[in-house]
Amino acid sequence: MKKVFHNFAVLAILLGVACSSYAADAPAAEKGTGLSSKTGKQKIFPPNSEFLKVAGHDGYLAMPKDIKAGQKTPWLWYMPSDYKLPGKLERWMMKTCLDNGIAVAGLDVKGDFGTPAGRKLFTAFYNELTEKHGLTKKACLLARSYGGTQMYNWAAEHPESVACLAGIYPVCNLASYPGLKSAAGKYGMSQQKFVKELKQHNPIDRLAPLAKAKVPIYHNTGDIDTLVPAKDNSFIVEKRYKALGGDMTVTIFEGQGHNYWTGFFEDKAMAEFIVKHAKKAALPKVLFFGDSISGGYAKSLATRMEGKAELVKLGAVATYRLNKEAFWHSSGNAKALDFGSAKACIADFERFERHLLENKYDVIHFNFGLNDIFRGRNGAWHNPVDQYAKDLAKIVTLLKKNGAKVIWANTTPIPANAPHNPEGDELIYNAAAEKVMKEYNIPINDLHSIITKGDGYAEWKNGKDVHFPSNVYGKLAEQVAEKISAQLEAIETRRNSQKAR
C-alpha cells in the first residue's frame, strides 16, 4: 500500500485540468429526462448522456467522441448512480475517461447494497450496453463508498466481464458498514439468517473468482475514515486478495476521512489505472501456444502486436527431462497450462477445454510437432504420426468452438545432426497436419519455408539444435504477426459490414 501526502496547490498542478466546462456541457437532467430518483434533479451527468430504462430503472450512457465504426468502445461503470450521484465530484474522472475514448455509464438501483435483486438489475444493464450499444465485454468498475457492495458483489459473479475494479473509500465489509442489523434489513432477512448467509454476500469473502480471473484492483482511502475504516474494509481486501495471488494497490491519503475532498476523486494514479485497463479491454484478444519455437518468437511477437492486440501465451517448454511416461509439458497436475506437444495438450485436455470456455479469443495461433516427433531411447516417435493427426483434429474441433479465427503454424525444419529428431521427420508430420487443417478449413502459416528460404539456413542445417538465433526468431515473429493481423482486419471488416446493414 502507498501513503500519500497532498496539498491542493500541488494537486492542481499534477491533475492539470479543471472541469468547469464539463458542468456547462452536462445535460439538464431535470428537464424531461424522466429520471425517477427522488433527488435525481441534482445529478450532473457526463456530456451527451443518453438516458436508458433498464428493468424499470434509470440508466445513463455517455459515449466518447469520434468512435470508429465497428469498434468496441471501452467503458467505465460508475457505482452508485443513485440519489444525487453522479455529482460534481465525479466530473473530473468521467471527463478524463471520455477524453481518453472511454464511455461512462451507470444505473440507479435506489441505494441497493449489492443484494441478489440488485445484481440481477446490473446484469440486465450490462447486457443492454454490451449487446446493443457496442461496449466492450469487459468493463472497468469504479465504486464510491457503499457502491463498493454493488461493485464487488456483481463482479464476483461475473469476473470474466471485469477489466479492473477501482474504489474510493469503498464499503467492502457489510459487518463494518452499514452493520449487520442494517445490512440484514437491506437484504430482507432477519439478522440471524443474514449472519448465517453473510459469506454469500459480503465482498471480503467473495474475492477468489476475481483473483482467479486476474482482475487488478485499486483503492484509495483516508487514514482517519471512521465511517468505513480502511482496516475493516480496504485493508482486509488487500490482505486476502494478495494471499489469493491477486494484484491490488491501496493508496492511503493521510489526514483524510470519509469526506468530499477532491483528492479522492481526482486521483491521477487511479485515472491512469482505469484508462490503462479500459484500453486493454478494448483490444482484440489473441491466444498463441505451442512448443519451444513459439516461446522463441514470443517476445518479438509481443513487441510487434503492442497496441494492436492483447496477447495471451499458455506457455512453451524449452527444457525437459525424459521419464517413462514422458508428458514433459503438462501432467494435468501443474498449476498452469504449459504444453508443447499435441500429445501433452490431449493429456491436459479437460483443463484446456475449461480455459477456452472461460476465455473468448478473436484469433488463436498454435503449433506442435517437434516434441511429438521426438524419438526417445527406443527410437520410436513420442507420438506416432497417425495418432498425432487424430490429436490435432480433436484440438482443432475444440478451438473452433471458442469462436476465434484459428491459424495453424507448421513445424519448423530439423537439422541434420539433431540427436533425437531425425532430419526430414517434420515433413511427414507437416503432411499429416496439412490434411487435418484442410479438412477443418484452417489456414496454415508456413514457418517451415521461412527457415528453409532464409539466410544462413545451409549452415544451420548442419548443426544439431532445432532452435534458432534471435534474428531468425524475429523473422518468424514478423510472419506470425502478419497472419494474426490479417485475421483481425478481416474480423473488423466483417463487423463494419454487419453494422452497416
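The values are calculated or read from the model by the stated rules, or taken from the named source; none is laboratory data. In this text, all values refer to a predicted model and were calculated from it rather than measured experimentally. With ideal geometry, Cβ positions are generated from the backbone for all residues, glycine too; neighbour counts draw on all protein chains shown.
Could you list all residues from the range 462-481 that are part of a loop (DSSP other than H, G, I, E, B) and in contact (Cβ under 8 Å) with a residue 24 or more places away in the chain?
Once the filter is applied, which keeps residues that are part of a loop (DSSP other than H, G, I, E, B) and in contact (Cβ under 8 Å) with a residue 24 or more places away in the chain, the range 462-481 yields Asn462, Gly463, Lys464, Asp465, Val466, His467, Phe468.
Residue under question is Ala213, and the condition is that it be surrounded by 14 or more Cβ atoms within 10 Å (Cβ to Cβ), touching a helix residue (DSSP H, G or I) at 6+ places or on another chain (Cβ under 9 Å) and modelled with pLDDT under 95; does it hold?
Yes.
Tell me, which residue of the range 66-90 that is under 26 Å from the mean Cα position of the chain (by Cα) and basic (Lys, Arg) is surrounded by the fewest Cβ atoms within 10 Å (Cβ to Cβ)?
Lys68
Would you be able to say whether some residue in the range 425-433 is among the charged types (D, E, K, R), at pLDDT 95 or above and crowded, with 20+ Cβ neighbours inside 10 Å?
Initially, the range 425-433 is screened for residues among the charged types (D, E, K, R), giving 425-426.
Those still in the list that are at pLDDT 95 or above too: 426.
Retained after the next criterion (residues that are crowded, with 20+ Cβ neighbours inside 10 Å): 426.
Yes, there is a match, as at least one residue in the range 425-433 is among the charged types (D, E, K, R), at pLDDT 95 or above and crowded, with 20+ Cβ neighbours inside 10 Å.
Whether any residue in the range 408-423 is out of contact with any helix residue (DSSP H, G or I) (no Cβ under 6 Å at 6 or more places or on another chain), buried (at least 20 other Cβ atoms within 10 Å of the Cβ) and within 21 Å of His365 (Cα to Cα) is what I want to check.
No, the range 408-423 contains no residue that is out of contact with any helix residue (DSSP H, G or I) (no Cβ under 6 Å at 6 or more places or on another chain), buried (at least 20 other Cβ atoms within 10 Å of the Cβ) and within 21 Å of His365 (Cα to Cα).
Tell me, please, whether a residue that is buried (at least 20 other Cβ atoms within 10 Å of the Cβ), assigned to a helix (DSSP H, G or I) and in contact with a strand residue (DSSP E or B) (Cβ under 9 Å, 6 or more places away or on another chain) can be found in the range 129-145.
Yes, the range 129-145 has at least one match.
In the range 385-435, which residue that is part of a strand (DSSP E or B) and free of Cβ contacts under 8 Å to residues at least 60 places away in the same chain is farthest from Phe368 (Cα to Cα)?
Val406
Using the structure shown, decide if Ala208 is in the same structural domain as Phe125 (by TED's automatic domain parsing), under 22 Å from the mean Cα position of the chain (by Cα) and at pLDDT below 95.
Numbers: in the same structural domain as Phe125 (by TED's automatic domain parsing): yes; under 22 Å from the mean Cα position of the chain (by Cα): yes; at pLDDT below 95: no.
It is false that Ala208 is in the same structural domain as Phe125 (by TED's automatic domain parsing), under 22 Å from the mean Cα position of the chain (by Cα) and at pLDDT below 95.
Of the conditions (1) at pLDDT 95 or above; (2) over 30 Å from Thr412 (Cβ atoms), Leu301 satisfies every one except a single condition; which number is it?
All conditions are met except number (2).
Return the only residue of Ala175, Ala163 being in contact (Cβ under 8 Å) with a residue 12 or more places away in the chain and surrounded by fewer than 24 Cβ atoms within 10 Å (Cβ to Cβ).
Ala175
Scan (1) in a helix (DSSP H, G or I); (2) acidic (Asp, Glu); (3) exposed (fewer than 15 other Cβ atoms within 10 Å of the Cβ) for the single condition Glu492 breaks and write down its number.
For Glu492, the failing item is (3).
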